[in-house]
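Written out below as structure tokens is the structure these notes cover.
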Amino acid sequence: MSGSSIQAFGRGWDIRRESWRIGRERFELTWPADMDALLDSPLTQQRHDADGYMPYWAQPWPSAVMLAEAVQRSRPGAGRSAVDLGCGVGLVALAAARCGWQVTAGDYDDDALAFVARNAELNGIALAGIERIDYRQPWTGPRFDCVLAADVLYERRCCEPVAQWIASALKQQGLALVCDPNRGAADPFVEHARNCGLTLECERIETVQPEGLVSRGRIWTLQFG
């Protein structure tokens with residue numbers, strides 16, 4: 001992994017750029033270099049006061065690496081549709097696109113979507129779409145063959161709306177993969193997903209992150225029926 005700091009393209013932030021090897025692929029990724037500055041910004045504080053917003057999108061999390069690797073191990077997309085829910089800076093979306101999925105990257109933060117577009121361009125990857133998606137609102141567009149989500153269950157209050165969103169967006173014969181770093185806050189997700197008519201299987205996983213640290217987590221595989 002190599003890193004450097006360059007001037008931001010959007011809000012004048014300093015940007016971190018690193019080259020990450022994920023499985024058999026290498027990805028160029030950028031994200032804000034100073035998370036503390038982002039957390040301390042007046043805009044972030046205003047948004048937090050309004051609806052509890054936190055800029056969790058602003059770095060690639062270990063769960064994104066674990067899910068990207070799982071996508072690489074899975075059956076190729078072969079042109080089928082997928083959505084990366086809560087895509088952050090886009091690692092999972094980029095990995096899925098490299099595996100042949102027609103990927104829509106979705107996040108409710110416009111800054112995240114700007115970074116996804118930037119990272120897709122850096123890697124020469126064409127995404128099927130980059131859309132503002134809020135998992136608190138049911139999906140009303142065409143359903144997807146695959147829903148991917150990494151680290152979206154960071155608080156208990158996220159579990160029910162995420163399960164409902166997946167049920168609204170997944171085709172009847174589709175598959176969803178949801179990755180979580182073993183947070184207790186995510187445990188209620190299982191019951192909420194079942195209440196939405198989804199079945200779940202859980203796989204415990206372990207991987208070595210690009211910076212050399214070992215991470216552990218779980219991936220839920222969800223289907224209707």
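Since every read-out is calculated from the coordinates, none of them should be taken as a lab result. If you're wondering where the values come from, they're calculated on a predicted model, not measured in any experiment. Cβ placement follows ideal geometry from the backbone for every residue including glycine, while neighbour counts extend to all protein chains displayed.
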Mean separation of Cα contacts under 8 Å, 6 or more apart, over the residue count of the chain: relative contact order %: 15
Interchain or long-range residues, amide H under 5 Å from Val89's placed H: Gln59
Karplus (6.51, -1.76, 1.60) ³J(HN,Hα), θ = phi - 60°, over the stretch 196-204, in Hz, Gly and Pro reported as x: 8, x, 9, 9, 10, 10, 10, 10, 7
Over the stretch 1-158: Rg over Rh, Cα atoms, Kirkwood Rh: 0.95
For the stretch 1-132, share of DSSP beta bridges that run antiparallel, in % to the nearest 5: 60
Residue-averaged [θ]222 nm for the chain, counting only DSSP H segments that reach four residues, each worth -39500 (n - 2.57): -9000 deg cm²/dmol
Beta bridge orientation in the chain: antiparallel %, DSSP, nearest 5: 60
Signed unit charges on C-beta, dipole axis of the chain, positive-most listed residue Ala126, Pro188, Tyr108: Ala126
Dipole in debye (nearest 20) - the chain, about Cα centre, beta carbon charges: Lys, Arg +1; Asp, Glu -1: 760
Per-residue Cβ neighbour rank within 10 angstrom, fewest leading, Met54, Met66: Met54, Met66
From phi via Karplus (6.51, -1.76, 1.60), per-residue ³J(HN,Hα) for the stretch 27-37 in Hz, x at Gly/Pro: 10, 8, 10, 10, 7, x, 7, 10, 5, 4, 5
Dipole axis of the chain (+1 Lys, Arg; -1 Asp, Glu on Cβ), positive-most option in Leu175, Pro210, Leu29: Leu175
Order of Tyr154, Tyr135 - criterion: other Cβ atoms within 10 Å of each residue's Cβ, fewest first: Tyr154, Tyr135
Relative contact order computed over the stretch 30-159 (Cα-Cα under 8 Å; 6+ residues apart), in percent: 24
Inverse mean reciprocal Cα-Cα distance (Kirkwood Rh) of the stretch 77-225, Å: 15.4
The stretch 24-100: trypsin sites (Lys or Arg not before Pro) falling in loop per DSSP and having at most 15 other Cβ within 10 Å: Arg24
J(HN,Hα) series, the stretch 143-157, from Karplus relation 6.51 cos²θ - 1.76 cosθ + 1.60, nearest Hz, glycine and proline x: 6, 10, 6, 8, 10, 10, 8, 10, 6, 9, 9, 7, 9, 4, 5
Extreme residue, positive dipole direction of the stretch 58-224, given options Gly141, Gly77, Leu94 (C-beta unit charges): Gly77
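Just to be sure I understand: if I project the alpha-carbon convex hull of the stretch 142-200 onto a plane and average over all orientations, what area do I get in nm²?
For the Cα atoms of the stretch 142-200, the hull's average projected area reads 3.6 nm².
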